[in-house]
Structures are given as structure tokens and as C-alpha cells.
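To start, the structure itself, in C-alpha cells.
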Amino acid sequence: MKSSPPKPMCFVAMPFGKKSPPAKTKPKIDFDKIYKFIREAVESENLECIRADFEKSGGFIHKPMFERLLVAEYVIADLTLSNPNVTYEVGVRHGNNSKATLLLCAEQFINVLPFDFKPLRVTPYTIGQTGNIGKRGGTELKSSIKAWIKNAIAGDLPSDNPILQITSSEKQGYVQHEKTDVFMHRMRYTSEIGQRVYDALNIVDSKNSVSELQKIE
């Protein structure tokens, strides 16, 4: 019996349960209710939706999370309250993947996002003063997510990865040296070392090979 191909995956990184801003008791934001609208939007586009805290596998809990961050066709990250786990997961995604990533944030918290998120495109959504997203806010959020997914599938989205925006030469035909002098210098050095190691490993005489590797070390 042939197994059917898996659906494209959308991994969701966000807080869960009810959370308040640091050092405050209000508003109590119901992230599980927000996720309900996210999941409905994702699944309506025929994607598999998985949230980090819903992992069912045993063992090292971070392993499946990292795997999904790396292989998921799409990632949605809710930056509301600047949750450290979520911001770290965005860093993992941007550092290792060129696939689409949607950053969300409740609009009243966008102006307090960490400095490194300021230049990035963040999609706002609306919650009430009590932290409840409400039916209207949820409907608007679903509409934004569905539009983003459709554009991502069609290949109509610009790169949202700031690392690739700096290092990619696909669009401009060159790397802007004023932005990447240090990066390129280190990459050249790493490449040179890698070539020397490769050459040393291919020396037929094992003693000479080990000797050359020791010199490199």
C-alpha cells in the first residue's frame, strides 16, 4: 500500500496558555485562542499546522522543534510579549533556512519589540484591552495569514530572511561589499582552511596526511 505524500508543514512558534506582559498582571492574553484562529487559517489552505508545545514525541524536546524549524515549508512566529523562546526560534529559522516566515504581533506591543526586530516586516493583529482577540480580530488575523500563505505558495513574497538579504547575490548579481567585508573575509579564510583539510585527507601516505593535518590544527 502506497503512503500518501505529507502535506506542506506550517510550524507555529508562539507562547501558549494565558500570559501577561512582564511585571504586569493585565492584560491576560489568551494565546491558545489566538492559535485557534491561526490553525484554522493554515488548515484551510491545506497545510499541516503544528505548534511547538503540542509535540507528542518523547526524548529531547528541542530536537523535533529544531527539525520542524529547519524543514517546515512555512513558519509563523507570534512575537507578542517578546517571548524569549519564540525570538530564539526565529533566530534558528533565519540562520538556517530561506523558506517563508511570517512574523505576527498584537499591534499594541509592536513598538516594544526588541531592537533587532524593528527593521523586519511584522504583521499586526488586534486584541482587546482585556487580551481577548475576539471574533472580529480573529477573522482579520485569519484573512492576513491566508493571504500570506497564498502569496508564499505562488512565490510572490520577497525574502523575509535578513541574513539572506545581506548575503544573497541572486537579485543584484553581487554582494554589497560595504555590508559584508567582515563576513566575506571570514568565509574566504574558512574556505581556505577547508580546502587544506580536504587536500590533507587525500594524501595517500597516512603519516604525511596526519602531519599536514597537525600543521593546520
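The residue that is nearest to the chain's Cα centre (by Cα), among those in the range 1-51 that are among the charged types (D, E, K, R) and under 18 Å from Glu73 (Cα atoms), is Arg51. Counting only residues that are in contact with a helix residue (DSSP H, G or I) (Cβ under 9 Å, 6 or more places away or on another chain) and within 22 Å of Tyr74 (Cα to Cα), which one in the range 114-128 is least open to solvent (accessible area, probe 1.4 Å)? Residue satisfying both the conditions and the ranking: Tyr125. From the list Met14, Met9, the one residue that fits, being out of contact with any Ser or Thr (no Cβ under 7 Å at 6 or more places or on another chain), buried (at least 16 other Cβ atoms within 10 Å of the Cβ) and within 18 Å of Ser82 (Cα to Cα), is Met14. Candidates Ile29, Ile38: the one that is surrounded by 21 or more Cβ atoms within 10 Å (Cβ to Cβ), under 18 Å from Asn132 (Cβ atoms) and in contact with a Gly (Cβ under 6 Å, 6 or more places away or on another chain) is Ile29. The residue list Gly131, Gly137, Gly95, Gly155 contains one member that is open to solvent by less than 50 Å² (accessible area, probe 1.4 Å), at pLDDT below 95, over 17 Å from the mean Cα position of the chain (by Cα) and more than 14 Å from Ala77 (Cα to Cα), which is Gly131. Remark: pairs (first residue in the range 195-215, surrounded by 12 or more Cβ atoms within 10 Å (Cβ to Cβ); second residue among the charged types (D, E, K, R); Cβ separation under 7 Å; 6+ apart in sequence or on different chains) = Ala200/Glu212; Ile203/Glu212.
Answer yes or no as to whether Tyr74 is crowded, with 19+ Cβ neighbours inside 10 Å, out of contact with any Gly (no Cβ under 7 Å at 6 or more places or on another chain) and aromatic (Phe, Trp, Tyr). Walk me through it before giving the result.
Values: crowded, with 19+ Cβ neighbours inside 10 Å: yes; out of contact with any Gly (no Cβ under 7 Å at 6 or more places or on another chain): yes; aromatic (Phe, Trp, Tyr): yes.
Answer is yes for this residue.
Restricted to the range 94-119, and to residues that are in a helix (DSSP H, G or I) and touching a residue at least 40 places away in the same chain (Cβ under 8 Å), which residue is farthest from Ala152 (Cα to Cα)? Before you say what the answer is, go through the steps one by one.
Applying the first criterion (in a helix (DSSP H, G or I)) to the range 94-119 yields 94-96, 107-112, 115-117.
Retained after the next criterion (residues that are touching a residue at least 40 places away in the same chain (Cβ under 8 Å)): 94-95, 109.
Numbers: His94: 16, Gly95: 19, Phe109: 26 Å.
Only one residue fits best here, namely Phe109.
The values are calculated or read from the model by the stated rules, or taken from the named source; none is laboratory data. What you see is a predicted model, and the numbers here were worked out from it, not measured in a lab. For neighbour counting, all protein chains shown are included, and Cβ atoms are generated from backbone atoms with ideal geometry for every residue, glycine included. When the accessible area is computed, the model is the full protein with side chains, heavy atoms only, and any ligands, DNA or RNA have been set aside. Shrake-Rupley method; radii C 1.70, N 1.55, O 1.52, S 1.80 Å.
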